[in-house]
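Engineer: Questions regarding the structure given below will be posed in turn.
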Amino acid sequence: MALFDLPLDELRAYRSESAEPEDFDAFWSKTLQEAREHDLDARFEPVDTGLSTVSVHDVTFAGFGGHPVKGWLTLPAGAAEPLPLVMEFVGYGGGRGLPHEHLLWASTGRAHFVMDTRGQGSASGGGGGTADPVGGSPAYPGFMTRGVDAPENYYYRRVFTDAVRAVEAARSHPLTDAARTVATGGSQGGGISLAVGGLVPDLVAVAPDVPFLCDFPRAAVLTDRHPYREIGLYLKTHRGRTEDVLRTLSYFDGVHFAARGRAPALFSTALEDQTCPPSTIFAAFNAWAHDDKKIEVYDFNDHEGGGPYQEAAKLRWLRSYA
């Protein structure tokens, strides 16, 4: 499908109708406080990858509930002083993969940390290895409705908490510069980076590409593609639950995290993207609180967005910040 969403001039003015919960900040403050009651226990184990230009560490740290979460920390070979830190979060169904899948950012002379996404890692790339030991209420297959009966039970409460703890873990390594930390990712990873941008107050930059998990009220009725379609298929069976489900999702909407964004931001969107429709992304971009923000628009692309062109744009843009 070609240009199915709003015209570009309307996208630039679009505002979400997602209702922010009155206790949004209290909910997340309590969630992170509970997570920090567990020792972070960040462990960095050197890995022999056969790569000569980088050094790689297999990382384990305590995420939500103290559960072990995996990641890779990749550094330029021979690094001897703290480096700017790029935190990367991955797309829906993916995991941290294998170290050689993540060479871009270390090749720029920065430290790079990629977080495994709990319970995922079986749909693409080199896979993942982080379990999600928490159960939940009946859900549609996938992750979008796991624990959607209440915000306290929802799957992305655990994932977003893991992501904040991942930043803390990466910053604890002596060769990362906590004062120069960037969050980035594509699709689900973009949505996670928005959450991190709203929950971690001292990032220097945030770069979400074609971000997922934004403007749930519109996304759930605008596109019939997965993963958003999981919400509609759940409600197709659980009739009359729409208001309750949207209330739960409102605690995890990228629009509300964007309203708390304190760092410069570079977004990207594609006007033929039916997976993460451009209006849902502009909803988060237009809500982003920091004045220093821009969005790259790819007119004739679907969910691949800018691909390598967007990577090049981020490389140029990030020079000013980290």
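Engineer: Quickly run through region 285-306 and pick out the residues that are part of a loop (DSSP other than H, G, I, E, B) and within 15 Å of G190 (Cα to Cα).
Structural biologist: Matches in region 285-306: W288, H303, E304, G305, G306.
Engineer: Quickly run through region 131-170 and pick out the residues that are open to solvent by less than 10 Å² (accessible area, probe 1.4 Å) and over 15 Å from the mean Cα position of the chain (by Cα).
Structural biologist: T145, G147, V148, P151, Y154, A169, A170
Engineer: Considering only region 225-269, state which residues are closer than 22 Å to A289 by Cα and either open to solvent by 20 Å² or more (accessible area, probe 1.4 Å) or of a type in the set (A, V, I, L, M) (or both).
Structural biologist: Within region 225-269, L249, V255, A258, A259, R260, R262, A263, A265, L266 qualify.
Engineer: Still on this structure, please answer the following. State whether the residues of region 155-177 include one that is part of a strand (DSSP E or B) and of a type in the set (S, T, Y).
Structural biologist: Yes, some residue in region 155-177 is part of a strand (DSSP E or B) and of a type in the set (S, T, Y).
Engineer: Looking at P99, P84, can you tell me which residue is open to solvent by 10 Å² or more (accessible area, probe 1.4 Å) and touching a Lys or Arg at 6+ places or on another chain (Cβ under 6 Å)?
Structural biologist: P84
Engineer: Do any residues in region 104-116 that are within 18 Å of P82 (Cα to Cα) have Cβ atoms under 6 Å from those of residues that are among the charged types (D, E, K, R), where the two are at least six apart or on different chains, and which pairs are they?
Structural biologist: Pairs found: V114/E88; V114/R96.
Engineer: Further, regarding this structure: Cβ-Cβ below 6 Å, separation at least six or inter-chain, first residue in region 133-146 and of a type in the set (V, I, T), second assigned to a loop (DSSP other than H, G, I, E, B): which pairs?
Structural biologist: T145/A139
Engineer: Is it the case that some residue within region 96-110 is within 13 Å of V69 (Cα to Cα), in contact with a Phe, Trp or Tyr (Cβ under 7 Å, 6 or more places away or on another chain) and not aromatic (F, W, Y)?
Structural biologist: yes
Engineer: Filtering region 35-49 down to residues that are of a type outside the set (S, T, N, Q) and open to solvent by less than 70 Å² (accessible area, probe 1.4 Å), which residue is farthest from A219 (Cα to Cα)?
Structural biologist: Here is the first cut: in region 35-49, the ones of a type outside the set (S, T, N, Q) are 35-48.
Filter once more, keeping what is open to solvent by less than 70 Å² (accessible area, probe 1.4 Å): 35, 40, 42, 44, 47.
On the way: A35: 30, L40: 35, A42: 36, F44: 39, V47: 41 Å.
Ranking the qualifying residues of region 35-49, first place goes to V47.
Engineer: Now for a separate question. Show the residue pairs meeting these rules: Cβ distance below 7 Å; 6+ apart or different chains; first residue within region 1-15 and open to solvent by 100 Å² or more (accessible area, probe 1.4 Å); second residue acidic (D, E) and part of a loop (DSSP other than H, G, I, E, B).
Structural biologist: Here the result reads M1/E272; L3/E272, each pair linking region 1-15 to a residue that is acidic (D, E) and part of a loop (DSSP other than H, G, I, E, B).
Engineer: Among (1) open to solvent by 10 Å² or more (accessible area, probe 1.4 Å); (2) in contact with a Ser or Thr (Cβ under 8 Å, 6 or more places away or on another chain), where does V206 come up short?
Structural biologist: If we test V206 against (1) open to solvent by 10 Å² or more (accessible area, probe 1.4 Å); (2) in contact with a Ser or Thr (Cβ under 8 Å, 6 or more places away or on another chain), just (1) comes out false.
Engineer: I would also like to ask the following. Every residue in region 289-305 that is under 24 Å from L222 (Cα atoms) and either open to solvent by 10 Å² or more (accessible area, probe 1.4 Å) or at pLDDT below 95 (or both), please.
Structural biologist: The answer is I295, E296, V297, Y298, D299, F300, N301, D302, H303, E304.
Engineer: Can you pull out every residue in region 261-284 that is under 19 Å from A312 (Cα atoms), among the aliphatic types (A, V, I, L, M) and either part of a loop (DSSP other than H, G, I, E, B) or under 16 Å from the mean Cα position of the chain (by Cα) (or both)?
Structural biologist: Selection gives A265, L266.
The values are calculated or read from the model by the stated rules, or taken from the named source; none is laboratory data. Everything numeric in this text was worked out from a predicted model, so none of it was measured. Cβ: placed from backbone, ideal geometry, glycine included. Neighbour counts: every protein chain shown. Remember, those area values only see protein heavy atoms, side chains included, never the ligands or the DNA or RNA. Shrake-Rupley method; radii C 1.70, N 1.55, O 1.52, S 1.80 Å.
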